[in-house]
Amino acid sequence: MINNLPAFIFAAILLNISPGPDQAYILSRTLAQGRLVGFVSSWGVCSGALVHIFAAALGFSLILQSSSAAYALLKYLGAGYLLWLGIKAFRHNRVHAGKNAGAPEQMSLGRVYVQGILVDLLNPKAALFFLAFLPQFIPPGQPNHVVAFIFLGSAVVAVGLVCEAALVVLTQHILGRSLQNSKAATYLSYMMGLVFLSLAVNFAFFV
């Protein structure tokens, strides 16, 4: 069901390790609350990707591709959400200044999961990417293109789960100890805020 399997796997790995809003969100939640929350944020992001895959398979992405207004609306919603995450990181530091300064905001697993879905879902580029990327690996003469499309998209998400799990484990192992220092935690929180703000600007004006 996959045309040129090695190229597909290689491209899927590159897609999932490329820096972007998904990776920034997973990294920030892992540093804020540890490995389990990092895994849950990854599951949320991948759930959002699955929605994009089904939407692309059913033709919704064709509407986004043909309608500049629909694409712009979803793009600015995504940029606004990233902007909100960035502002929250700065506000959290100010609110907690002098009292557990630098402690990252603690979120429930359910909230982390839903937020991960939104981070990926509000990215119209993801839906259009799947629409452009996946058909290249569907063999000519495939009788059911929708099933093949969903299968390939699910394979990309499966690769993503593995890559993001590795990101979570490495992040906590390498950087987790630094969070025991309140100053380091404060600087890290500001850095995460800056990452989200820069992604929002890039999303709004350069995507």
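The values are calculated or read from the model by the stated rules, or taken from the named source; none is laboratory data. Note that this is a predicted model, so its numbers are computed, not measured. Methodologically, a virtual Cβ is constructed for each residue, glycine included, from the backbone with ideal geometry; neighbour enumeration extends over all protein chains shown. With ligands, DNA and RNA removed, areas are computed over all heavy atoms of the protein, side chains included. Shrake-Rupley method; radii C 1.70, N 1.55, O 1.52, S 1.80 Å.
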**Prompt:** Considering 156, 169, 201, 162, which residue is over 22 Å from residue 44 (Cβ atoms), modelled with pLDDT of 80 or more and assigned to a helix (DSSP H, G or I)?
**Reply:** 201
**Prompt:** In segment 3-18, which residues are in contact with a helix residue (DSSP H, G or I) (Cβ under 9 Å, 6 or more places away or on another chain) and open to solvent by 30 Å² or more (accessible area, probe 1.4 Å)?
**Reply:** 3, 4, 5, 7, 9, 13, 15, 17
**Asked** Here is a list of conditions, (1) within 27 Å of residue 90 (Cα to Cα); (2) crowded, with 19+ Cβ neighbours inside 10 Å, and residue 53 meets all of them except one; can you say which number that is?
**Response** (1)
**Fill in**
Among the residues of segment 56-67, the number that are small (Gly, Ala, Ser) and surrounded by 21 or more Cβ atoms within 10 Å (Cβ to Cβ) is 3
**Fill in**
Cβ pairs under 7 Å, 6+ apart or interchain, first in segment 4-19 and free of Cβ contacts under 8 Å to residues at least 24 places away in the same chain and in a helix (DSSP H, G or I), second surrounded by 15 or more Cβ atoms within 10 Å (Cβ to Cβ) and among the basic types (Lys, Arg), ordered by first then second residue, are none
**Prompt:** So how many residues does segment 68-80 have that are modelled with pLDDT under 80 and open to solvent by 20 Å² or more (accessible area, probe 1.4 Å)?
**Reply:** 4
